[in-house]
Amino acid sequence: MRRVHHSPRSETPQTPASHVHPRQQVSPISSPQLALNPKLRSSSPFSDSPPPTPASFNPVIEMGSSPRSRGVEIKDITGQEDEYDDIYIPDDPRLSPDVRPEENPVPESPYQSQRAASSDHEAHPQPTIRIYHSDLNGAPCDEDGIAVPEGTPPPPRETDNGPEDWTLYENRPQFEFADYIYTKNQTSAGGIDQLLNIWAATLVGTDLEPPFLNHKDLYSTIDSTPVSDIAWESFKLKYNGELPNDDIPAWMEAKHEVWFRDPRLLVRNILANADFNGEIDISPFQEYDADDNHRYQNFMSGNWAWKQADIIAADPNTHGSMFVPIILGSDKTTVSVATGHTKYWPVYLSIGNVHNNVRCAHRNGLVLLGFLAIPKAPKKYKDDADYLNFRRQLLHTSLAKILGSLKPGMTTPEVARCADGHFRRVIYGLGPYIVDYPEQALLTCTVQGWCPKCTAPSRNLDGDATRRCQEHTEMLVQEFELGTLWDEYGLVGNIVPFTNDFPRADINELISPDLLHQVIKGTFKDHLVAWVEDYLVLTHGRTGANVILSDIDARIALVAPFSGLRWFNDG
């Protein structure tokens, strides 16, 4: 990629290459009939208290039309108990993704470029040059989205009422008492009453009172506290395809509940967290050292963020806004069995603007988004094509529905408070999705054993292959039958990825390598270590190889401890 850097020897500024408008959006799960009115609850989906009865709610998920068969149909049945409408999900078209600009020159922004001594890392004491994106620069505005003059101080927050404002609590000791009793000590209701009665007895003859009358008073105060976490919501999905005439499998009639929190509110909470002030990048940037080496560190310094900003900036209405990439991650780990037959699968969310140190620390830069449903069926359906396709499409339908509240803000900027207190017009976009290989295959609709990033088969890595993208996948789906797609290209051709519901999103591009399983464990342990062991056995025999391997283990055990080194005594 060509670029222009700001320095005494900089070339003539170049203008940005032409941009491509975001592709037309067709949702794989949405239709004019979809009206989401999920049931809410303010606590975890796994608390003891039952959720409130939902309001009248009869949404239907439709898939549109498609030149190919989806292979599985799913209906949203949230709020429905016994009867279901016979509304089938037609096939959904895959649209060609955005054409990616080949050469995006970095626009020269002399007024935003800066040359300063780097104080972030002692390893780079030389002067650096940082160039910010000139169109998506995150300019401050007011609550109505109108730009404010440079140097305008941020407006006060709703909670900026001074350090002595405890809101509903009389003072700090009363708040800390409630926090300790309810959160840290988790005292029972009877224990709270007994403690408060003892406290009241010590105050007899004075005008003083204990902080709360009883446990009901304490609970009521906590429930009325205005600063609280984002409420949990849920929806239900079920198979909506053709049923057999007799002996209908239980999984075709089962209801699958998905719990989640509104991703839009989660993102706005992260952006507004004052603790992150100075550790959030409001604009994509490119940084070069004195030797003209491109430096990468935090997410917004990467080429992907810059190219996405170029695509977004093709719409002049987005100029001056702040690009907020949504980073997702999931891991199919059993968390709880909440319904007797369905397990849950956590999905996590972060944004690309926060610095790496914030995301890695326990500072709410990475938050829990929801739990995906994992349907279960008898072993005889383990290899059943209809059941496997249902499970795949259930994942994509659930993700598309969970992330739905972000979609309007992906094309039209909305005003949000940032960590420094300023309001800015922000525009969202789906970013990397971090998962291990099995989930990469599920998300990219590729066959297990095939690469989710390219079309090279494992049996011939040096053969002719191309990088996977939704445009290429769409072409293959239209030209070949499902069997050919599976055998020759490693594609599950009748499943539509959730990213087809969102602009500027290509699931094959967004999949991120799994550092642990694919690099550390996959390349080093499973491949390199196993290869060396096989080589030693072939060269020295099993007995000689064991002697050499024992010597290697002894040498590793003698490595002196130092910061960052993890030592596993038993392997």
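The values are calculated or read from the model by the stated rules, or taken from the named source; none is laboratory data. Every value quoted in this text rests on a predicted model; they were computed, and no experiment measured them. Note that we place each Cβ from the backbone using ideal geometry, even for glycine, and neighbour counts take in every protein chain shown. For accessibility, only protein heavy atoms count, side chains too; no ligands or nucleic acids. Shrake-Rupley method; radii C 1.70, N 1.55, O 1.52, S 1.80 Å.
Using heavy atoms of the protein chains and a probe of 1.4 Å, the accessible area assigned to D551 is about 70 Å². Here the stretch 286-317 and the stretch 129-151 have alpha carbon centers that stand 17 Å from each other. The listed residues L213, L266 rank as L213, L266 when sorted by accessible area, largest first, using a 1.4 Å probe. In the full protein context, the stretch 253-376 carries 36 Å² of accessible surface per residue, based on a 1.4 Å probe and ignoring ligands, DNA and RNA. Backbone geometry of the stretch 478-488 corresponds, through the Karplus equation with coefficients 6.51, -1.76 and 1.60 at θ = phi - 60°, to 3J(HN,Hα) couplings of 6, 9, 10, 7, 4, x, 5, 4, 5, 7, 9 Hz, x marking Gly and Pro. Among T473, T333, T412, the sequence by solvent-accessible area, most first, with a 1.4 Å probe is T412, T333, T473. Between the stretch 427-442 and the stretch 519-548, the C-alpha centres lie 33 angstrom from each other.
Here the Karplus relation 6.51 cos²θ - 1.76 cosθ + 1.60, evaluated at θ = phi - 60°, turns the backbone of the stretch 552-562 into coupling constants of 4, 4, 5, 5, 5, 5, 8, 4, 5, x, 8 Hz, with x for every Gly and Pro.
Each Lys and Arg adds +1 at its Cβ and each Asp and Glu adds -1 at its Cβ; summed about the Cα centre, the stretch 435-512 shows a dipole of about 180 debye.
Size descriptor for the stretch 435-512, Kirkwood hydrodynamic radius: 12.6 Å (Cα pairs only, one decimal).
When the residues W251, W531 are ordered by accessible surface, computed with a 1.4 Å probe over the protein chains alone, the sequence from largest down reads W531, W251. I'd like the carbon and sulfur percentage of the solvent accessible area for the stretch 435-512, probe radius 1.4 Å, heavy atoms only, ligands and nucleic acids excluded. Here carbon and sulfur together make up 48 percent of the probe-accessible area. Taking every protein chain into account, the 1.4 Å probe leaves F177 with about 30 Å² of accessible area, to the nearest ten.
Could you pull out the trypsin sites (Lys or Arg not before Pro) across the stretch 364-443 that fall in loop regions by DSSP (anything but H, G, I, E, B) with no more than 14 other Cβ atoms inside 10 Å? Don't skip to the end; give the middle numbers.
On the way: sites: K376, K379, K380, K382, R391, R392, K401, R417, R424, R425; in loops: K376, K382.
Those that pass, being in a loop and sparsely packed, are K382.
Here is the size of the stretch 160-226 from its Cα atoms: Rg then Dmax, 12.5, 38 Å. For L372, the residues whose modelled amide H falls within less than 5 Å of its own, excluding neighbours fewer than 5 places apart on the same chain, are W345, V347. For the stretch 524-566, the spread of Cα coordinates along the three principal axes comes to 38, 21, 9 Å, biggest extent given first. Once all protein chains are placed together, D553 keeps about 100 Å² accessible to a 1.4 angstrom probe. The trypsin sites (Lys or Arg not before Pro) of the stretch 140-232 that DSSP puts in a loop, and whose beta carbon has at most 11 other beta carbons within 10 Å, are R157.
Which loop GluC sites (Glu not before Pro) in the stretch 219-259, with loop taken from DSSP, have no more than 11 other Cβ atoms within 10 angstrom of their Cβ? Numbers along the way, then the final one.
Details: sites: E233, E242, E253, E257; in loops: E242.
Sparse-neighbourhood loop GluC sites (Glu not before Pro): E242.
Given a cut-off of under 8 Å on Cα pairs at least six residues apart, what relative contact order in percent is computed for the stretch 444-571? The partial results should precede the final answer.
Details: 88 pairs, mean separation 24.7, N = 128.
Once divided by the residue count of the stretch 444-571, the mean separation gives 19 percent.
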